[in-house]
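Working notes, beginning with the structure itself.
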Amino acid sequence: MRRRYRETHPVLESRMGSVRRRMRYNRRWLERRVDQAIMPLEIQEHIGISNIQGEVLIVSRDSRQQRRIKELLRSENHRFDVAWDSDEAIGFLKLGKYRLVILDRINERRRRVFYYLRRYLKHVKVISIVNENQLAKNSMKHGGYSFLLHRDFDLEQLRTCLISSLRLNHPVCRLLKNGEACNRSCINSYMTEENYTDDPNVAMLEPTDTQVPLDTMAPPPEDFFQGLE
């Protein structure tokens, strides 16, 4: 004779559903924490800690995009590394000293990288490559330095952003933050001995402990993983 099971009470079922969702969320968060913890070791194994360049980090899966940016960085004598995904980018940020991240956010929003930078590395400036004005506004609203619009962005604008972000003391591109187009005034108006230097390391001090809070292992908000890669 088959044993009959009582139906679960609706209130209990609702609570169980909430518990299961929370467990799935915490499991995903822990898996990402493990991936992020392992990634610096993998980078050291495949690249070598002595081969990490530092200064500028390019985060993009697009080979053509990488090539355009790398050629410009070489022409301006900047050191750089390349990360292909979010985990690798965070791994590089844990190993090297970077002052600027060029973040390709066209096909992937890369919220984790942006979240990590703004929470733990506030001294590092971020140039986002975006394909819509709303994402550009959000990037600037949450601490981005500047943005480049569309995949075939103007390389001269990137050159301007490099000079402005790495050699001047500007905390943000005020033109783009105010919704105006780039006109190079950020560097043309301030290219004096006081504000401009051939040594890019002079323009930014090392971060202090108060600027870079310790990682408390506290999980981000529950909606943080929505839409992530």
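Miscellaneous remarks
- Note on region 82-98: residues that are farther than 14 Å from Glu108 by Cβ, over 11 Å from the mean Cα position of the chain (by Cα) and without any contact (Cβ under 8 Å) to a residue 40 or more places away in the chain total 1.
- Scanning region 120-143 for residues that are closer than 21 Å to Arg68 by Cα and of a type outside the set (Val, Ile, Thr) yields Lys125, Ser128, Asn131, Glu132, Ala136.
- Among residues of region 8-55, those that are in contact with a helix residue (DSSP H, G or I) (Cβ under 8 Å, 6 or more places away or on another chain), among the polar types (S, T, N, Q) and either exposed (fewer than 12 other Cβ atoms within 10 Å of the Cβ) or at pLDDT below 80 (or both), counted: 2
- All helices (runs of 4 or more DSSP H) inside region 145-195 with 2 or more residues being at pLDDT 80 or above, over 14 Å from Ile129 (Cα atoms) and not hydroxyl-bearing (Ser, Thr, Tyr): 155-167
- Restricted to region 123-145, and to residues there that are small (Gly, Ala, Ser) and under 11 Å from Val101 (Cα atoms), the residue that is surrounded by the fewest Cβ atoms within 10 Å (Cβ to Cβ) is Ser128.
- Single match in Ile127, Ile90, Ile102, Ile106 (criterion: in contact with a Cys (Cβ under 6 Å, 6 or more places away or on another chain), under 30 Å from Trp29 (Cβ atoms) and β-branched (Val, Ile, Thr)): Ile127
The values are calculated or read from the model by the stated rules, or taken from the named source; none is laboratory data. Note that the coordinates shown come from a computational prediction; the quantities given were computed from them, not determined experimentally. Neighbour counts are summed over all protein chains in view; Cβ atoms, including those assigned to glycine, are modelled from backbone coordinates with ideal geometry.
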